[in-house]
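Take a look at the structure set out below.
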Amino acid sequence: MCNLQSYFDAIEAKAAKPPLQVSAVELENDAKRPVRGGKALIAFSGEFQLRHLRRILNENWKRLPEPVASAKKIELEVYWAEKAGVRRVVTERDAEMIINRQSFFLPYHVCLSELLYGEPLYRQRREMLGLPLPMPPLQVPEADAGTRASDGGHSVAGR
């Protein structure tokens with residue numbers, strides 16, 4: 001639904017890095033009613049992460065703030081709950097998008113939850129469908145990196 005299979009496959013194949021969890025607060029209820037949840041601040045930076053985040057934002061929200069298009073880093077603060085061992089963004093609270101210390105609120109959308117916490121579900125989907133992982137990019141020794149870049153070499157992760 002959210003077209004994130006290639007995103008999670010690239011991360012699992014180590015062809016790209018996942019966004020960085022900057023901070024987190026986890027809460028648990030008492031043993032009679034076990035509920036896990038919390039709040040997380042997650043930072044997206046770099047071409048791969050920002051490309052996928054911007055696609056999710058553009059496809060699912062209207063009138064996005066102008067800084068989204070050119071920001072070098074976008075942070076998302078979300079509240080989450082864990083059910084059946086899977087984290088999901090909560091539906092009753094807006095996510096907060098932070099760009100250059102300016103905050104914007106995002107109403108809930110399932111694709112934001114998928115982008116942040118969908119990795120186990122997409123791994124299971126890939127396995128059930130028998131989809132192969134993409135090949136990781138070739139590791140180019142540092143001495144050869146300048147030569148490779150100058151002769152038009154392309155990285156799998158950059159596509």
Looking at region 122-141, is at least one residue more than 20 Å from Ile74 (Cβ to Cβ), at pLDDT 80 or above, surrounded by 14 or more Cβ atoms within 10 Å (Cβ to Cβ) and not charged (D, E, K, R)? yes
Select from region 92-129 the residues that are in contact with a Phe, Trp or Tyr (Cβ under 8 Å, 6 or more places away or on another chain) and aromatic (Phe, Trp, Tyr) and write down the one among them that is farthest from Phe8 (Cα to Cα). Tyr117
Within region 95-117, does at least one residue satisfy the condition of being out of contact with any Pro (no Cβ under 6 Å at 6 or more places or on another chain), loosely packed, with under 11 Cβ neighbours inside 10 Å, among the acidic types (Asp, Glu) and not in a strand (DSSP E or B)? no
Residue ID - surrounded by the fewest Cβ atoms within 10 Å (Cβ to Cβ), chosen from residues in region 1-27 that are in a loop (DSSP other than H, G, I, E, B) and among the aliphatic types (A, V, I, L, M): Met1
Quick check on my filter: what residues within region 46-82 are within 20 Å of Phe8 (Cβ to Cβ) and either charged (D, E, K, R) or not in a helix (DSSP H, G or I) (or both)? Glu47, Arg51, Arg54, Arg55, Glu59, Ile74, Leu76, Val78, Trp80, Glu82
Would you confirm whether any residue within region 11-28 is more than 30 Å from Pro132 (Cα to Cα), in contact (Cβ under 8 Å) with a residue 24 or more places away in the chain and over 11 Å from the mean Cα position of the chain (by Cα)? yes
Looking for something in contact with an Asp or Glu (Cβ under 6 Å, 6 or more places away or on another chain) and either surrounded by fewer than 16 Cβ atoms within 10 Å (Cβ to Cβ) or closer than 21 Å to Arg125 by Cβ (or both) - is there at least one such residue anywhere in region 75-91? no
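The values are calculated or read from the model by the stated rules, or taken from the named source; none is laboratory data. Keep in mind the model is a prediction, meaning the values are calculated, not measured. Note that each Cβ is placed from the backbone with ideal geometry, even for glycine, and that neighbours are counted across all protein chains shown.
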